[in-house]
Amino acid sequence: MRRISESKVEYNLRLAEEITRKFIGEAVPKKIVAGIGADLSDIAVDGQFLGKKLQALIKHENIGTEKMGPKLTEIQTDLEHMEWHIRSAKRNLKKIIDYCYSKAA
């Protein structure tokens, strides 16, 4: 199993809190905002780390299929994790968007 660096976890949590505070600060109720910070921060942070993994993969010449398989499996797992958060974020954003438009009307 992959070990996550503490700095990635701390950054992800801080970003999630900032996103959540932003929506609550704009007077969106907590029950509507629930989950959106975690979803968006996970997508953003995982996207950054995915980019770094791809750059590292590209940089190594003659990596060999025995090493490429596990690296590609890790990337696939990252994409599946991001996919889950994207679906969740879309549902959560729809609730927030609907709330915003209902208050603007």
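The values are calculated or read from the model by the stated rules, or taken from the named source; none is laboratory data. None of the values given here were measured: they were computed from a predicted structure. Cβ: placed from backbone, ideal geometry, glycine included. Neighbour counts: every protein chain shown.
Computed quantities for the displayed model
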item	result
Residue match in the range 88-101 (condition: within 13 Å of the chain's Cα centre (by Cα) and touching a residue at least 40 places away in the same chain (Cβ under 8 Å))	yes
Restricting the range 59-72 to residues that are loosely packed, with under 12 Cβ neighbours inside 10 Å and charged (D, E, K, R), the residue that is nearest to the chain's Cα centre (by Cα)	Lys59
Members of the range 9-67 that are aliphatic (A, V, I, L, M), more than 20 Å from Thr77 (Cα to Cα), in a helix (DSSP H, G or I) and free of Cβ contacts under 8 Å to residues at least 60 places away in the same chain	Leu13, Leu15, Ala16, Ile19, Ile24
Sole residue being surrounded by 10 or more Cβ atoms within 10 Å (Cβ to Cβ) and more than 30 Å from Phe23 (Cβ to Cβ), chosen from Ile75, Ile86	Ile75
Checking Ala105 against (1) exposed (fewer than 13 other Cβ atoms within 10 Å of the Cβ); (2) within 28 Å of Glu26 (Cβ to Cβ); (3) at pLDDT 95 or above, the condition it does not meet	(3)
Checking Leu50 against (1) more than 22 Å from Gly25 (Cβ to Cβ); (2) surrounded by fewer than 10 Cβ atoms within 10 Å (Cβ to Cβ), the condition it does not meet	(2)
Single residue of Ala56, Ala44, Ala34, Ala38 found to be in contact with a Leu (Cβ under 7 Å, 6 or more places away or on another chain), surrounded by 11 or more Cβ atoms within 10 Å (Cβ to Cβ) and of a type in the set (A, V, I, L, M)	Ala44
Thr20, sole failed condition from (1) more than 16 Å from the chain's Cα centre (by Cα); (2) hydroxyl-bearing (Ser, Thr, Tyr); (3) surrounded by 15 or more Cβ atoms within 10 Å (Cβ to Cβ)	(1)
The range 70-85 residues that are within 13 Å of Ile43 (Cα to Cα), paired with ones that are of a type outside the set (Asp, Glu) (beta carbon under 6 Å, 6 or more apart)	Asp78/Leu50; Met82/Ile43; His85/Ile43
